[in-house]
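Worksheet: one structure, shown below.
The values are calculated or read from the model by the stated rules, or taken from the named source; none is laboratory data. The structure presented is a predicted model; accordingly, all values stated were derived computationally and were not measured. Methodologically, a virtual Cβ is constructed for each residue, glycine included, from the backbone with ideal geometry; neighbour enumeration extends over all protein chains shown.
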Amino acid sequence: MPRPSPATKPAPAPAAASGADKEPFDIDEVFRRLRRAVAGRPKAAMFELRDRGHASPFEQLVASLISARTRDETTLVVAGRLFAAARTPEAMAALPEAEIARLLDGATFPEPKARDIRELSRRIVGEHGGAVPDTPDGLMRFRGVGPKIAALTLAVGFDIPAVAVDIHVHRVTNRWGYVATTSPERTMSALIDRLPRRYWVEINERLVPFGKWMCTGERPHCSTCPLLSMCRQVGVTACR
């Protein structure tokens with residue numbers, strides 16, 4: 001049997017992952033490099049929707065709920081289709097739940113999400129005068145809205161500093177060695193304590209594409225990563 005080509009084998013992680021020979025971790029320089037690294041890459045869904053004109057708190061809340069366990073590419077299509085039918089809580093509450101579910105086709109769990117979207121729309125109209133709450137507690141009183149969805153709504157919809165942590169933000173910041181946590185919820189708390197407030201919104205905007213294209217879950221692209229000189233590569237055993 002022929003021996004496997006060396007090119008097909010995972011490369012070991014570059015040396016000094018312990019940090020002994022690394023540069024000091026400079027968060028300002030990290031963000032400068034991140035901006036260059038993701039320039040031209042597809043944006044995280046909420047930021048892409050914002051730039052397409054769907055920047056209102058209500059649209060960001062609904063789109064963030066759609067995005068739960070749904071790929072960004074699908075979220076953009078589904079949210080665009082739903083917003084073509086209703087872009088305000090009043091218009092959304094007037095749609096039958098079955099119609100919302102039909103418009104959500106392609107997203108994960110369309111029926112439960114349709115139920116939650118219609119219900120929160122009705123409550124925003126009836127209990128809040130049509131205005132989306134602008135606090136984490138207010139947002140998380142709606143069924144289906146957790147810390148990540150609330151943070152995205154505040155950050156992108158209201159431009160209120162909030163740290164939205166998904167799997168990419170959780171993985172990358174722990175891999176850097178910037179935080180040391182075991183869940184996205186704990187990563188959110190750790191970043192709130194440590195990350196300068198000026199980066200609270202931007203960290204999700206940059207790390208979603210960075211985590212998809214460079215600092216991937218398996219075999220990250222360490223050899224071409226612009227942050228390699230500072231990254232502690234925590235947990236990285238093989239990379240490209």
Set Glu111, Glu90, Glu127: member being in the same structural domain as Arg69 (by TED's automatic domain parsing), closer than 23 Å to Arg52 by Cβ and among the charged types (D, E, K, R)
Glu90
Would you confirm whether any residue within region 75-90 is surrounded by fewer than 16 Cβ atoms within 10 Å (Cβ to Cβ) and within 21 Å of Phe210 (Cβ to Cβ)?
no
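Every residue in region 32-73 that is basic (Lys, Arg), outside any helix (DSSP H, G or I) and under 24 Å from Asp134 (Cβ atoms), please.
Of region 32-73, the ones basic (Lys, Arg) are 32-33, 35-36, 41, 43, 50, 52, 69, 71.
Adding the requirement that they be outside any helix (DSSP H, G or I) leaves 41, 43, 52, 69, 71.
Selection gives Lys43, Arg52.
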Among what's in region 179-225 and is surrounded by 14 or more Cβ atoms within 10 Å (Cβ to Cβ) and polar (S, T, N, Q), pick the residue that is farthest from the chain's Cα centre (by Cα).
Thr181
Subset of region 141-159, residues under 19 Å from Arg206 (Cα atoms) and in a loop (DSSP other than H, G, I, E, B), comes to Phe158, Asp159
So, of the residues in region 105-120 that are touching a helix residue (DSSP H, G or I) at 6+ places or on another chain (Cβ under 7 Å) and free of Cβ contacts under 8 Å to residues at least 40 places away in the same chain, which turns out to be nearest to Gly80 (Cα to Cα)?
Gly106
Within region 116-140, residues outside any helix (DSSP H, G or I) and surrounded by fewer than 20 Cβ atoms within 10 Å (Cβ to Cβ) come out as Gly129, Gly130, Ala131, Asp134, Thr135, Met140
Is it the case, given these coordinates, that Ala63 is among the small types (Gly, Ala, Ser), at negative phi, surrounded by 15 or more Cβ atoms within 10 Å (Cβ to Cβ) and modelled with pLDDT under 95?
no
